[in-house]
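Contents: one structure, followed by commentary.
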């Protein structure tokens, strides 16, 4: 295993001396204590939706992603639906609250934000990381100051009992969970009663049949990256916190001056292929919202955080390199999905000459998450083109302004 500090640095964003100092010290300590070796890939991601939304959301994911409905785990107050490609890619755990009046810590993270409060149970919760010794990892992280829910609290929250779950981050509002599993062993979530629900199976099967009819079923690959938006003052500490909890390294940051923001990328030390363990991206404003009237700068990232709270903004899926009917695969995939009524925020941007093409969907009405598609050409090893990110950020900002107006009109 390469030292976590040995990877080449990318990008042009200037970080503080505080960040650069603690980045080296934290990664070196993580390697020396053995944590880097004990923590591996992202095994699953967790999303929660409001009552009545999970079936349609699973249908949406079945059409727009390569994921398959596997099983539903029922507990007293929740259904947790497991979606899977295979054990080389992270699972989706879609958690649905049965009663809209149930209150809890994850709902409270939404309720102080104007658009987040409109869907109080709809949010991205966080990642489950595979470890080889759960007790040792948790003991080491607790010694470093990280706090975890007790087993009794996990039971009351109705999360899988075989997880160790951190308290929500003050910077991202996400949780990080650990599950002990050898790579060759099956993934099992110790939670409630399991069944394959006929109503979900029917919606899932119809979406997969449509995928095959549209000839996109073998073109969409697993998750490429997960992009979280945070307040500008929390950019560096959010990155350092994630690196402390995971086995990821700091790939680098790019300054997107046109949109007054930066894109900051971390990748897994153990997995070169992002579809095995997605890159984790953090986006933040360069300046706080209250100086923008002085600087006359755009502020789509900070506006999103002020409306929703710090949280995941989009899930990016890779598209297989190649062409279908004389068009690049990403163009074929997007046109076929758009023909089914799914909106996208802009046209596909980028080119083969730049090395990749990308696009954002509109935000899901069920999870509030955007789906991004990205196709890389040939041996292109980069993460994005700066011009593409500026256009994507601008387009997402325009949609968020509309959603903000709609939320205000509901309050009025």
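A quick yes/no check of all residues on (1) modelled with pLDDT of 95 or more; (2) within 21 Å of residue 209 (Cβ to Cβ); (3) part of a strand (DSSP E or B):
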residue	(1), (2), (3)
302	no, no, no
313	no, no, yes
335	yes, yes, no
368	no, no, no
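Reported count of residues in region 185-201, each being in a helix (DSSP H, G or I) and exposed (fewer than 12 other Cβ atoms within 10 Å of the Cβ), is 2. Give me the residue from region 268-298 that is over 21 Å from residue 392 (Cα atoms) and buried (at least 22 other Cβ atoms within 10 Å of the Cβ) and, out of that set, modelled with the lowest pLDDT. Here the answer is 277.
Filtered by the rule that a residue be touching a strand residue (DSSP E or B) at 6+ places or on another chain (Cβ under 6 Å) and outside any strand (DSSP E or B), region 227-241 gives 232, 235, 238, 239.
The values are calculated or read from the model by the stated rules, or taken from the named source; none is laboratory data. Bear in mind the structure is a predicted one, so any value in this text is a computation, not a measurement. For neighbour counting, all protein chains shown are included, and Cβ atoms are generated from backbone atoms with ideal geometry for every residue, glycine included.
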